[in-house]
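In what follows, a single structure is set out as structure tokens and then discussed.
The values are calculated or read from the model by the stated rules, or taken from the named source; none is laboratory data. From a predicted model like this one, the values you see are computed outputs, not experimental measurements. Heads up, the Cβs are rebuilt from the backbone with ideal geometry, glycines too, and the neighbour counts pull from every protein chain shown.
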């Protein structure tokens, strides 16, 4: 009885080529944790005595997070409360891009805090350059806001992860989609 189909291919000893092991280097903030920290900061600012009658508020807008108050140092203190809540929720402060305090119309101040997400072009080029300079047997490519690294064996990928972790780029990195 002749054997046809995929079992015939396996019986002859040929298997389809396996994809190369790979992983992605990304910089993604957990948005729900930022929202939770923002809610906690708003509650604390509403309850604390030193913020009473200062018109201090922290709110999320399309540009980022706005911190407003009647004076610059109350705005900085509110920013400190927000940062404290983010740390407690294990969100790295490297995701934040804190702007300079801007004066408002009523003599107060506002601070715009942008939440950075994704790896920008310059840090991505530094990562790819460092991987190539290390002469590891892996290929690194920039894909939108992430860096994909692939290689023939898992050990080289693990060495690459150790290399990138040792770099100081000023951004928080995660290693995801590790495929064997």
Q: Kindly provide the set of residues from segment 33-68 that are within 16 Å of residue 99 (Cα to Cα) and either outside the structural domain of residue 106 (by TED's automatic domain parsing) or loosely packed, with under 15 Cβ neighbours inside 10 Å (or both), ordered by number.
A: 59, 61, 62, 63
Q | Qualifying residue in segment 121-136 (condition: under 18 Å from residue 19 (Cβ atoms) and in contact with a helix residue (DSSP H, G or I) (Cβ under 7 Å, 6 or more places away or on another chain)) | A | no
Q.
Need the failing condition index for residue 46 against (1) more than 28 Å from the chain's Cα centre (by Cα); (2) modelled with pLDDT under 90, just the number.
A. (2)
Q. Taking residue 79, is it at pLDDT below 90, on the phi < 0 side of the Ramachandran plot and crowded, with 17+ Cβ neighbours inside 10 Å?
A. no
Q) Among the residues of segment 89-136, which ones are more than 20 Å from residue 41 (Cβ to Cβ) and within 19 Å of the chain's Cα centre (by Cα)? A) 118, 119, 120, 121, 122, 123, 124, 125, 126, 127, 128
Q | Elements of type strands (runs of 3 or more DSSP E) contained in segment 69-171, each with 2 or more residues being in the same structural domain as residue 52 (by TED's automatic domain parsing) and under 30 Å from residue 56 (Cβ atoms) | A | 96-98, 109-115
(Q) Restricting to segment 112-160, give me the number of residues that are farther than 25 Å from residue 92 by Cβ, surrounded by fewer than 15 Cβ atoms within 10 Å (Cβ to Cβ) and touching a residue at least 40 places away in the same chain (Cβ under 8 Å). (A) 3
